[in-house]
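Colleague: After the structure tokens below, expect a handful of questions from me.
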Amino acid sequence: MTPKLADLGPDLLVTTRSRRLLTLSLPYAGIALFALAASLGWWWITPLIAFGIFVAVVTATHDVVHRSLGLGRRASEWALFFLGAVLLESGHAYRATHLQHHRTFPSDEDPEGRPADLSALGAILYGPVFLVRLWWWAYRRGGAGPRAWLLAEAAVPLLAVTMGVLFWRGLLVYATMMIVGSWVYPLLTVHLPHRHYGDTPLTQTHTLRGRVVPAVFLELTYHLEHHLYPQVPSHHLARLARRLDPYLAEAGVQPRRVP
């Protein structure tokens, strides 16, 4: 049995103003770097910058969805829109399907978790339709307010591609990278973390421990810890993992080690 979060430490829920600003601003710093590299013709470095933007946005959106950054209701709605727009995706569709994932995984009612039951190749091939299906799932179940957000967010990639074709090659390259890059979600964010999942909360997903890889992914590799305590913000997951070590060891859970 895992301990209560209150016993692990209330400091795990604290997000300072400076941390909140850092988390929300990193994606836009990435956009500025991408624009600078494109204007200088340094196309060789843009995939690396795009990777950084993906990690920054996924981390920030993840925390907004779970209300762990300390944003109010209205601020959360706009944050989902603007963070999703960075990746030309729907932040509101992500919130609807991700919270459903936490409520129902593993089940047929979890559209986000479906790639966990596919093969690795199947998860790769599922990439191009994954976000479309999540958007449609959220739209079908949403009311007037959520549907308005979803429709506005669906227009963002169309606008970005059109503006890229008409006005600036750099924007078209950026849009292409964001759209194609999202195709790895089923494999990297669902299939691999939940591969060969078990029947208990401690075996339904995995955790990767190390110094370099978790830092590069802004602590998103602590997937088990996140599923056990989704209210803990990403920047505290490494600390949470260390405090959970004795309990996981007692339960026979062995974290996977990476560099």
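Colleague: Kindly list the number of the only condition in (1) farther than 30 Å from residue 253 by Cβ; (2) of a type outside the set (Val, Ile, Thr); (3) free of Cβ contacts under 8 Å to residues at least 40 places away in the same chain that fails for residue 182.
Modeller: Every condition holds for residue 182 apart from (3).
Colleague: Check segment 38-58 and report whether any residue there is under 24 Å from residue 191 (Cβ atoms), touching a Lys or Arg at 6+ places or on another chain (Cβ under 8 Å) and either surrounded by fewer than 19 Cβ atoms within 10 Å (Cβ to Cβ) or not aromatic (Phe, Trp, Tyr) (or both).
Modeller: no
Colleague: Residues in segment 69-85 that are farther than 15 Å from residue 155 by Cβ and either surrounded by fewer than 21 Cβ atoms within 10 Å (Cβ to Cβ) or touching a Leu at 6+ places or on another chain (Cβ under 7 Å) (or both): how many?
Modeller: 10
Colleague: Residues that are hydrophobic (A, V, I, L, M, F, W, C) and more than 28 Å from residue 136 (Cα to Cα): which helices (runs of 4 or more DSSP H) entirely in segment 1-118 hold 1 or more of them?
Modeller: 5-8, 17-40, 46-65
Colleague: Pick out the one residue from 79, 93, 56, 75 that is without any contact (Cβ under 8 Å) to a residue 12 or more places away in the chain and among the aliphatic types (A, V, I, L, M).
Modeller: Answer to the selection: 75.
Colleague: Tally the residues that are in contact with a strand residue (DSSP E or B) (Cβ under 8 Å, 6 or more places away or on another chain) and modelled with pLDDT under 90, restricting the search to segment 208-253.
Modeller: The number of residues fulfilling the criteria is 4.
Colleague: Can you confirm whether segment 120-141 contains a residue that is not aromatic (Phe, Trp, Tyr) and not in a helix (DSSP H, G or I)?
Modeller: Looking through segment 120-141, none of the residues is not aromatic (Phe, Trp, Tyr) and not in a helix (DSSP H, G or I).
Colleague: Restricting to segment 66-125, give me the number of residues that are closer than 24 Å to residue 232 by Cβ, among the aromatic types (Phe, Trp, Tyr) and at pLDDT 95 or above.
Modeller: Number of matching residues: 3.
The values are calculated or read from the model by the stated rules, or taken from the named source; none is laboratory data. Since the model is a prediction, treat every value here as computed from it, not as a measurement. Because the Cβ atoms are built from the backbone with ideal geometry, glycine has one as well, and the counts that use them run over all protein chains shown.
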